[in-house]
Amino acid sequence: MYKIGELSKLCRIPVKTLRFYDSEGLLPPNRIDEMTGYRYYSAVKLSDCYRIIALKELGFSLREIKELFSLPKENLSAFLKGKEEELRRLQRQTQSRIAILQNLNHDLKERKIMFDIVIRKSDGIRLAYDRKILAEKSQAEDHLQEMRGAIPQGILGHRTVLMDYEPEFVSRNFDTGLGVEITGKLPKSCGFSERTLSFGEDTASLACACGEYEEGVIALQKYVLDHDYQIVGPTCKIMYEDGTVEIKLPVVKLGELDMSHNEEFDKPFVNDEAVIGHWEMIDFLPCREMFHPEKQKSGCIKEMEKGLYFLPGGEWYWSFGWTKGLLFSSCGYPHRKSQNAYTIEEIAGETYLFLEFKGPNYYRGGRPELWVFRKTDSKAYRKQEIMSVDEIPDLPAEDASVLGKWNVCSLVQHIEEFDPLNPDIVLPYEDLYWRTAVFLEDGGMENSFRNRNDGSFRTDTSEVWRWMKGYVICTPQSTASKYILQEIGQVPYLFVQWKSGDYSFGGSEPYWYVFRR
């Protein structure tokens, strides 16, 4: 047995610290002499001392070490795994802080201005509010002055506000919210609405001089995108009487992609006559507030060029089905099943559908995207009516160069993008759907495909697929897909258009599957 001083010398832990460990129940002595009060420790306690030292160096607190000592062996692994995850979070946080410092240093060198950006909640502002589409930005100041002149002096606050409802850069015709701070009830005779501008959720903020506003907006947007935040609302410019400007941008922090999340389509069908028919897509926005019926904002609507159809009875087409209040979607990469809420509104004689679509950011802890559609008709379409079909050429199956079996190796958007040394351009190999293509002498085909759900394979016969010189024909879909044979590095590759539902229903340009003999 060792006295406390002897144990201290052996393990190089101060006596004072050993006494503290004892008082915390972490390292009690084996025996205490009743006469002298001396603590005595067995040699086994030396092992406990080393374990405490090692765990402290790994970042464990004394509370955690005490808990770990009390756990049975079968629970130790889970406890240590939890600590590992905590340290990984700390590592990511440290890397993020390093990136922030690097960006600040870069901005200081480039702009000679260092903006201090914070993400936080803050108090709201009570406003007299108006919204206009201004031909020029300079018109905003004139309108704010008119507003201040129309509001009773006794309720005028010190701040004025501009809301930028444009998600993309525009050079004129700005959709702008204009606000003057008020401290009391707004008379109806003023002609403005009353609202409270709220910042109750995470908001990226910075303060700068009036002349630094444009640079400040660029710096703020760059910061939130570089640090995995989703922008979920308009940019707010708050102007103070001394020329100081505060810029605020509502955001949501994004996390790791949840690869497992899927929503089953288990809702019973409930009819909604108001939604049946064709809807053209007119906008794609961060939130409902940014929509204006007289001003389309987004250029990112090409993928929905043919719009959206709601078929009678909730019938599925392409990747979509529905029941009242919900659009079901089964699409994307990784493949997602989701239930997306919709609402319908009548605005200025037009019928609009606002769809909260669960895009990639949603599966990282973000918000749904807002897709806006305008109704064009209420026709009860059937799937066959809205599907694009090709004119099938009448050509012989005479091309000896393609006969035989081909194995897939890549998928590309454009043929010139294919690189044999880097084939995983669009999708990794294991996620490719089409796997083999067999060209038979009689014009028949046998093509195999991989089920994305369970990894099983199926082979379609010549009843589904056939070929003719220059084309692969899918009989059920009435598509004629071009094929092109190219030699790259003395190796023959076969490129075949993939005319999926994105082509037949969405109007998108087909991608190309790449095969090697």
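The values are calculated or read from the model by the stated rules, or taken from the named source; none is laboratory data. What you are looking at is a predicted structure, and each value in this text was computed from that prediction instead of being measured. We place every Cβ from the backbone using ideal geometry, glycine too, and count neighbours over all the protein chains shown. Areas reflect the complete protein model, heavy atoms only, side chains present, ligands, DNA and RNA absent. Shrake-Rupley method; radii C 1.70, N 1.55, O 1.52, S 1.80 Å.
Scanning the range 176-222 for residues that are of a type in the set (Phe, Trp, Tyr) and either in a helix (DSSP H, G or I) or open to solvent by 60 Å² or more (accessible area, probe 1.4 Å) (or both) returns a single hit, Tyr213.
The residue that is most open to solvent (accessible area, probe 1.4 Å), among those in the range 392-402 that are touching a residue at least 24 places away in the same chain (Cβ under 8 Å) and not in a loop (DSSP other than H, G, I, E, B), is Ser401.
Residue-wise test of (1) touching a Ser or Thr at 6+ places or on another chain (Cβ under 6 Å); (2) farther than 23 Å from Leu134 by Cα.
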{"position": "Leu206", "(1), (2)": "no, yes"}
{"position": "Gly211", "(1), (2)": "no, no"}
{"position": "Val245", "(1), (2)": "no, no"}
{"position": "Met259", "(1), (2)": "no, yes"}
{"position": "Phe284", "(1), (2)": "yes, no"}
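Residues in the range 362-379 that are in a helix (DSSP H, G or I) and open to solvent by 50 Å² or more (accessible area, probe 1.4 Å): Tyr362, Arg364.
Could you please find all residues in the range 16-40 being hydrophobic (A, V, I, L, M, F, W, C) and either open to solvent by less than 40 Å² (accessible area, probe 1.4 Å) or in contact with a Pro (Cβ under 8 Å, 6 or more places away or on another chain) (or both)?
Step one: of the range 16-40, the residues hydrophobic (A, V, I, L, M, F, W, C) are 18, 20, 26-27, 32, 35.
Once the filter is applied, which keeps residues that are hydrophobic (A, V, I, L, M, F, W, C) and either open to solvent by less than 40 Å² (accessible area, probe 1.4 Å) or in contact with a Pro (Cβ under 8 Å, 6 or more places away or on another chain) (or both), the range 16-40 yields Leu18, Leu26, Leu27.
Taking the criterion of being under 27 Å from Glu214 (Cα atoms) and either assigned to a loop (DSSP other than H, G, I, E, B) or open to solvent by 60 Å² or more (accessible area, probe 1.4 Å) (or both), the residues of the range 148-166 that qualify are His158, Tyr165, Glu166.
Among the conditions (1) within 19 Å of the chain's Cα centre (by Cα); (2) not in a strand (DSSP E or B), Val252 misses just one, which is (2).
Only a single criterion out of (1) closer than 24 Å to Gly255 by Cβ; (2) touching a residue at least 24 places away in the same chain (Cβ under 8 Å) is not satisfied by Lys66, namely (1).
For the range 449-517, the strands (runs of 3 or more DSSP E) that sit wholly inside it and include 2 or more residues that are open to solvent by 60 Å² or more (accessible area, probe 1.4 Å) and over 16 Å from Val402 (Cα atoms) are 457-460. Of all the numbered requirements in (1) in a strand (DSSP E or B); (2) open to solvent by 60 Å² or more (accessible area, probe 1.4 Å); (3) β-branched (Val, Ile, Thr); (4) closer than 26 Å to Gly321 by Cβ, Val389 misses one, and that requirement is (1).
Looking for something touching a residue at least 60 places away in the same chain (Cβ under 8 Å) and over 21 Å from Tyr503 (Cα atoms) - is there at least one such residue anywhere in the range 449-459? No.
One line per residue, one yes/no per condition, for (1) over 19 Å from Ser319 (Cβ atoms); (2) more than 35 Å from the chain's Cα centre (by Cα); (3) among the acidic types (Asp, Glu):
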position	(1), (2), (3)
Asp431	no, no, yes
Phe449	no, no, no
Asn453	no, no, no
Lys469	yes, yes, no
Thr475	yes, yes, no
Ile484	yes, yes, no
Val496	yes, no, no
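The set of residues in the range 253-268 that are surrounded by 13 or more Cβ atoms within 10 Å (Cβ to Cβ) and under 14 Å from Gln339 (Cα atoms) comprises His261, Asn262, Glu263, Phe265, Lys267.
Asp419 fulfils the conditions (1) in contact with a helix residue (DSSP H, G or I) (Cβ under 8 Å, 6 or more places away or on another chain); (2) farther than 25 Å from Lys337 by Cα except for a single criterion, (1).
Looking at the range 1-120, what helices (runs of 4 or more DSSP H) fall wholly within it and have at least 3 residues that are of a type in the set (Asp, Glu)?
On the way: elements: 4-11, 15-23, 44-57, 62-70, 73-111.
Answer list for the range 1-120: 73-111.
Filtering Arg111, Arg131, Arg195 for residues that are farther than 30 Å from Ile301 by Cβ and either modelled with pLDDT of 90 or more or not acidic (Asp, Glu) (or both) leaves a single hit, Arg111. Residues in the range 350-361 that are modelled with pLDDT of 95 or more and open to solvent by 40 Å² or more (accessible area, probe 1.4 Å): 2 in all.
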